[in-house]
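Below you'll find the structure, written out as structure tokens, and then a few comments.
The values are calculated or read from the model by the stated rules, or taken from the named source; none is laboratory data. Keep in mind it's a predicted model, so treat the numbers as computed, not measured. Counting neighbours? That spans all protein chains shown, and the Cβs are built from the backbone with ideal geometry, glycine included. Note: accessible area is taken over every heavy atom of the protein model, side chains too, but ligands, DNA and RNA are not part of it. Shrake-Rupley method; radii C 1.70, N 1.55, O 1.52, S 1.80 Å.
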Amino acid sequence: MNLTLETHHRDRHGDDHEDEDDEHDHGSSEEFVPWWRDRHLLLPIASAALLAVGYALDWSGVDLPATIVLAASLLAGAATFVPGAVKRLLRRRVGVGLLMTIAAAGAVLLGHVGEAAALAFLFSIAEALEDRAMDKARTGLRALLSLIPETATVSKLSGEVTMPVDELRELDILVIRPGDRVATDGIVVSGRSSIDNSAITGESIPVEVGPGDHVPAGSINGGGSMQLEATADGRDNSLTKIVELVEQASARKGERARLADRIARPLVPAVLILAGMIVIFGFIVGDPLLWTERALVVLVAASPCALAIAVPVTVISAIGAASRFGVVIKSGAAFEQLGAVELVAFDKTGTLTRGRPEVVAVEAVEEGQRDRVLAIAAGLESHSTHPLAAAIVTASADPAPVVEVTEEPGRGITGSLDGQAVRVGSPRWISPGAFSDRAASFEEQGMTVVVVEFGGEVVGILGIRDELKPEAADTIRRLAAVGIDTAMLTGDNTRTAAALARQAGITDVHAELLPGDKASAIETYSATRRTAMIGDGINDAPALAAADVGIAMGVSGSDAAIESASVAFTGNDLRLIPAALLHARRGRQIMTGNIVLSLGIIVVLFPLALLGVLGLAGVVLVHEIAEVVVILNGSRAARRPQSLQA
């Protein structure tokens, strides 16, 4: 109920110290406890009990004991926010807690101890419920970390050793037995099995893995035994990074959060000034007592309690929920942009396609040189992160020892072999020469062509095919059904791109694009429509950065793509795209509703308070009920999208 999410807990608990904030944060150092064990609810509960007893004594006509008990209720409730309000005031900072402190103190001075106690109780219990809502959202996210086991078995020269996960280092060889949970990211070096990634990626179907396949931290191994080479330290893997990214997201506000802050920040001092003016007016008209009481009521009526929390609780709930079905949203701004997307532009390779291309044809100048052509290409591509590179490396039994390698995104790779310049790349960068007819034939068959050059002469071409993902067409249909247009942006040749686009149901196709061309196309789209770009390679990074929302396919995506994107998928299932967009749309609607409700409460209560229609207790009750409604409404954003529910 303070002006920003960052200062919310500090104002309530009465300090600015991060260690005490962390102490209250159930999600970081404590398990999210049931309400009857939450020590931060004890004071509000005590205040409520004393308030009930005090009112009962008052109704019974026992005045002095009633006043004592009501005063105790007031102290119990006020202890949750008065110390913080005073400390903030000493630092020349004001918040909602200060308004409530002044209102409670004024009510006591005017002899309304019962109303002051009711104000303190209602404010403190609303704050406690708000804190629990925020903590629950954070705890649900951090529960992802429980997917990492405490220990792991590592293969050493001396035998197998069990060690704490914290001590795991990159390149360690992990022994994964049936049913084990994988401690950190790794590459399979021996064995085959199926892994369950449902808790991480939202994909319920187990994935078959074998030598060379990537296995993310937190996966559950199936019936086979494997050995993995760790690609990350035990506490610095893809799962811990997901949690870190999402926790940082709440600090980077979206436009609705900034709107709420812009309204709330000046409103507190304005309310204080207005209340002072009402008191002065009371002296002018000769009835200071009446107008001082109304000033106190106005102080509470115009406080932006619900407004301050309207957006943060929704954003944290929604982003946390998204992370649990495989969508990592890096900021509140990205979440809001995601909910406004009108067009999704897809990269082709590794995004719309399976990302497991295979070399299906090799042509060489001489029939006996096919292996040599493949070896040169593999020697160069072994230095690349492009999905096609893995296919070429896998197809060669003995990659050539190429040195001085340089990659030109969207074009190809250059290097040196036996003192000769070597290149591999697309036909637009390296002319296929005598292989032009064969290259055209490959493309008509839906293959991507790679030209191999040695010493300035074309020595062969490769034909690589990457099948469309089985869910691609269904995803495009789902997007169209909710009014979202689609486009394909690819560096591949026009014929191959058009063939795959037809299968997917995409009619807007831009092929043979360099990374800069993709970024330019995205900028053109963004000029008229809110646009998302989804890709996974280093050549997609400029387009991801240029889009209103950049979405990276996180499991297989390059670091450059993931860093440039504002949203990342931990899995590869394209059906997450419509699910994520609808989830974000719903979150935006909830945020808008919360802001409208919060402002509406102030607009309605202010004249009622000023004219004396509602007293202090009534205004406090309405305000805190409104805040609870806002919290509950914002918490609805934590629900999984209906399309992902079992």
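Taken over the stretch 153-167, the criterion of being touching a residue at least 60 places away in the same chain (Cβ under 8 Å), in contact with a strand residue (DSSP E or B) (Cβ under 8 Å, 6 or more places away or on another chain) and surrounded by fewer than 14 Cβ atoms within 10 Å (Cβ to Cβ) is satisfied by Pro164 alone.
From the list Glu358, Glu363, the lone residue that is modelled with pLDDT under 85 and open to solvent by 20 Å² or more (accessible area, probe 1.4 Å) is Glu358. Among the numbered conditions (1) under 34 Å from the mean Cα position of the chain (by Cα); (2) at pLDDT 80 or above; (3) not in a helix (DSSP H, G or I), the only one that Gly61 does not meet is (1). Scanning the stretch 447-461 for residues that are open to solvent by less than 20 Å² (accessible area, probe 1.4 Å) and part of a loop (DSSP other than H, G, I, E, B) yields a single hit, Met447.
Per-residue answers, yes or no, for (1) part of a helix (DSSP H, G or I); (2) crowded, with 24+ Cβ neighbours inside 10 Å; (3) within 43 Å of the chain's Cα centre (by Cα):
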position	(1), (2), (3)
Ile284	yes, no, no
Trp291	yes, no, no
Val298	yes, yes, yes
Ser303	no, yes, yes
Ala306	yes, yes, yes
Val313	yes, yes, yes
Ser317	yes, yes, yes
Ala322	yes, yes, yes
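The residue pairs whose first member lies in the stretch 521-537 and is within 13 Å of Asp548 (Cβ to Cβ) and part of a strand (DSSP E or B), whose second member is among the hydroxyl-bearing types (Ser, Thr, Tyr) and at pLDDT below 90, and whose beta carbons are closer than 8 Å, counting only pairs six or more residues apart or on different chains, are Ile534/Thr351. Flag set for Gly550, criterion: modelled with pLDDT of 85 or more and open to solvent by less than 10 Å² (accessible area, probe 1.4 Å).
List the helices (runs of 4 or more DSSP H) inside the stretch 64-169, counting only whole elements, that have at least 3 residues being at pLDDT below 80 and farther than 20 Å from Leu296 by Cα. Break it down stepwise before answering.
Values: elements: 82-90, 96-109, 113-142.
Fully inside the stretch 64-169 and qualifying: 113-142.
When Ile392, Ile464, Ile430, Ile476 are screened for being among the β-branched types (Val, Ile, Thr), surrounded by 15 or more Cβ atoms within 10 Å (Cβ to Cβ) and closer than 30 Å to Leu581 by Cβ, only Ile476 passes. Looking at Glu255, is it at pLDDT 75 or above and within 29 Å of the chain's Cα centre (by Cα)? Here the answer is no, as Glu255 does not meet what is asked. The criterion of at least 1 residues that are touching a Lys or Arg at 6+ places or on another chain (Cβ under 8 Å), among the hydrophobic types (A, V, I, L, M, F, W, C) and farther than 21 Å from Thr349 by Cα is met by none of the strands (runs of 3 or more DSSP E) wholly inside the stretch 371-443. Among the residues making up the stretch 335-355, none is of a type in the set (Gly, Ala, Ser), part of a helix (DSSP H, G or I) and either within 20 Å of the chain's Cα centre (by Cα) or surrounded by fewer than 24 Cβ atoms within 10 Å (Cβ to Cβ) (or both). Beta carbons closer than 6 Å, at least 6 apart along the sequence or on distinct chains, pair a first residue in the stretch 168-179 that is surrounded by 12 or more Cβ atoms within 10 Å (Cβ to Cβ) with a second that is of a type in the set (Ser, Thr, Tyr) and in a strand (DSSP E or B) for Ile173/Ser155; Val175/Thr153; Val175/Ser155.
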